[in-house]
Amino acid sequence: MKLKETIQKLGEKKATALAQQIANKMGLDWKGCVSFVFKIVANDPDRVPGNIGGETDDERTVIQKWLQKYQVGMDGRASKRTSNPPGTIADPIIEEIISARLTKLTKNDLKKVTYAHRLGMSAENILGLMLEEYLSINLQKYGWHCAWGETIKSVDFVNENGGLLQIKNRSNSENSSSSAVRDGTKIEKWYRIKADRIEYMWPSLNKICGTKHLSEDNFVEFVNSTIKSNPDCLAVEKENPWQ
């Protein structure tokens with residue numbers, strides 16, 4: 001049984017009561033953010049991710065899977081996670097291509113280029129997590145709660161009054177499926193930075209969320225403090241020559 005089918009079968013009240021019961025047994029604070037996030041999917045099955053639930057699941061197990069997905073996402077936030085280095089090796093032909101164009105580069109230069117690129121990819125991999133956690137910390141007291149673990153379809157934050165918000169890091173990072181879901185809906189969208197120039201969009205987010213303090217300077221400060229307190233959130237390969 002899929003979660004969407006479960007909610008349609010039980011209805012909002014029964015599904016929410018069952019979710020609260022399961023969350024309490026799991027040790028999840030139902031009075032915290034999770035209740036507001038579940039309320040959205042319980043009231044609108046079209047917001048339910050389609051990958052939760054299978055043939056052997058009943059109402060209880062499928063709701064538990066949603067709650068576990070939420071918990072894993074919350075526990076995997078940047079300040080708590082230990083990131084893994086890239087699982088693939090660099091293709092040697094890349095250095096050959098670069099050296100054919102930039103002939104003055106030494107083998108050591110090329111090695112540094114390779115590992116700088118891999119380190120950059122690792123940083124990009126956690127950028128979204130950094131942004132998500134920064135917003136979670138700064139928006140919660142304004143009634144906005146993070147849908148950890150992609151537990152709402154194409155929505156990243158929900159407001160206690162029912163508002164929906166989708167965030168992206170760059171203006172060109174949205175995919176067509178997430179765009180289509182918003183057609184005719186009340187989902188707000190926001191991205192942090194323009195893709196073709198350095199222009200930050202924090203003023204528009206402050207307007208959406210009813211805040212004044214969100215800014216790039218504060219985000220940079222959060223990133224630095226998070227890396228300092230939990231350096232393992234950024235994976236650095238042992239053989240990386242830059243460390």
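Bear in mind that the values in this text are calculations on the coordinates, not laboratory data. Keep in mind that this is a model prediction, so the values were computed, not measured. Using ideal geometry, Cβ is built from the backbone for each residue, glycine included, and neighbour counts are taken over all protein chains shown.
Grab the other residues whose beta carbon is less than 15 angstrom from that of residue 98, score K and R as +1, D and E as -1, and report the net.
+2
Using just the C-alpha positions of segment 55-106 as equal point scatterers, what log10 of I(q)/I(0) does the Debye formula give at each q in 0.23 1/Å?
Normalising to I(0) and taking log10 leaves -0.89.
If you work out Cα extents along the principal axes in Å from the coordinates, which of [x] 69, 44, 36; [y] 62, 39, 28; [z] 90, 37, 26 do you get?
Looking at Cα extents along the principal axes in Å for this model, the match is [x].
So which of 13/69; 14/69; 4/69; 31/228 end up more than 23 Å apart by C-alpha?
31/228
Inverting the mean 1/r over all pairs of different Cα atoms, compute the Kirkwood radius of segment 1-135 and quote it in Å.
18.3
Arrange the peptides 89-100, 15-26, 142-153 so that the one whose residues have, on average, the most other Cβ atoms within 10 Å appears first.
142-153, 15-26, 89-100
With n ≥ 4 as the cut-off for DSSP H runs, can you work out [θ] at 222 nm for the chain, using -39500 (n - 2.57) per run divided by the number of residues, rounded to the nearest 500?
Taken over the chain, the calculation gives -16500 deg cm²/dmol.
If a/c stays under 1.5 just call it rounded; otherwise compare a/b with b/c (prolate if a/b is bigger, oblate if not). Do that for segment 98-145, with a ≥ b ≥ c from the square roots of the Cα gyration tensor eigenvalues.
prolate
Quick one: net charge around residue 144, please, counting Lys, Arg +1 and Asp, Glu -1 for every other residue with C-beta under 15 Å from its C-beta.
Counting the neighbours of residue 144, the net charge comes to +1.
For each of 48, 113, count neighbouring Cβ atoms within 10 Å of the residue's Cβ, then give the residues from fewest to most.
Result, fewest neighbours first: 113, 48.
Using the eigenvalues of the Cα gyration tensor, what equivalent ellipsoid semi-axes result for segment 1-75 when each is taken as the square root of five times the eigenvalue, whole Å, largest first?
17, 13, 12
Pairs of Cα atoms under 8 Å, at least six residues apart: use those to get the relative contact order of the chain, whole percent.
Here the relative contact order equals 22 percent.
Only counting other Cβ atoms within 10 Å, I'd like 134, 115 sorted with the fewest neighbours first.
115, 134
Apply the Karplus curve 6.51 cos²θ - 1.76 cosθ + 1.60, θ = phi - 60°, to the phi angles in segment 6-19 and return the couplings in whole Hz, x for Gly and Pro.
Each residue of segment 6-19 in turn: 4, 5, 5, 6, 7, x, 4, 5, 5, 5, 5, 4, 5, 4 Hz.
Run the simple label-point estimate for residue 111 and residue 79 please: 7 Å along Cα→C-beta, distance reported in nm.
Roughly 3.8 nm, to one decimal.
Give the Cα extents of segment 119-233 along the principal axes, in whole Å, largest first.
Over segment 119-233, Cα extents along the principal axes are 41, 31, 28 Å.
At a 10 angstrom cut-off on C-beta neighbours, averaged per residue, how do the peptides 205-218, 54-67 rank from highest to lowest?
Top to bottom by mean Cβ count within 10 Å: 54-67, 205-218.
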